[in-house]
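S.K.: Structure below; questions to follow.
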Amino acid sequence: MTYAHKIDKAESAIDWRQSAVQIERRLRAFDPFPGGLATLAGQPLKVWRGDVVAGQGQPGSVLAASDAGIDVACGEGALRLTDLQRAGGKRLPAAAFLAGHPIPAGAAFDPPNG
């Protein structure tokens with residue numbers, strides 16, 4: 001047997017400087033708890049699922065937003081966020097999330113604390 005420590009919520013903060021592949025793997029590992037935590041315009045946003053896509057830009061910047069998802073530049077590649085949740089809200093697919101909370105291309109996620 002090998003001991004695995006309990007996952008702390010602080011570990012769920014998404015560092016957009018990491019590669020899209022690393023972030024996508026962390027999201028899968030942290031579903032169903034604690035999920036990935038990102039901050040957009042000072043508002044916490046839980047990210048549950050994403051797909052690695054082609055793209056580049058400043059890490060954390062939104063490259064595009066469509067019904068397919070929100071493409072965010074990472075340290076290497078880009079991640080299409082497909083399942084999201086606002087604080088106090090429920091988990092939604094990207095199309096439903098964007099219908100109530102549009103995110104324009106060019107917006108930027110806040111860097112993680114620490």
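We did not get these values from a lab; they are worked out from the coordinates using the rules stated. Here the structure is a predicted model, which is why all the values come from computation and not from measurement. So basically every Cβ, Gly included, is an ideal-geometry build from the backbone, and we count neighbours across all protein chains shown.
S.K.: Of all residues in the stretch 68-95 being without any contact (Cβ under 8 Å) to a residue 40 or more places away in the chain, of a type in the set (Gly, Ala, Ser) and surrounded by 14 or more Cβ atoms within 10 Å (Cβ to Cβ), which is farthest from Gly42 (Cα to Cα)?
M.R.: So the residue we want is Ala68.
S.K.: May I ask you to list the residues in the stretch 37-65 that are surrounded by fewer than 15 Cβ atoms within 10 Å (Cβ to Cβ), more than 17 Å from Gly75 (Cα to Cα) and without any contact (Cβ under 8 Å) to a residue 60 or more places away in the chain?
M.R.: Hits for the stretch 37-65 are Gln43, Pro44.
S.K.: In the stretch 23-36, what count of residues is obtained for those that are out of contact with any Phe, Trp or Tyr (no Cβ under 6 Å at 6 or more places or on another chain) and in contact (Cβ under 8 Å) with a residue 40 or more places away in the chain?
M.R.: So the answer is 2.
S.K.: Taking the stated definitions as given, is Leu63 under 17 Å from Gly36 (Cα atoms) and out of contact with any Pro (no Cβ under 7 Å at 6 or more places or on another chain)?
M.R.: no
S.K.: Here's another thing I want to ask about it. Only one of (1) without any contact (Cβ under 8 Å) to a residue 60 or more places away in the chain; (2) in contact with a helix residue (DSSP H, G or I) (Cβ under 7 Å, 6 or more places away or on another chain); (3) among the β-branched types (Val, Ile, Thr) fails for Ile14. Which number is that?
M.R.: Evaluating Ile14 over (1) without any contact (Cβ under 8 Å) to a residue 60 or more places away in the chain; (2) in contact with a helix residue (DSSP H, G or I) (Cβ under 7 Å, 6 or more places away or on another chain); (3) among the β-branched types (Val, Ile, Thr) leaves (1) as the failure.
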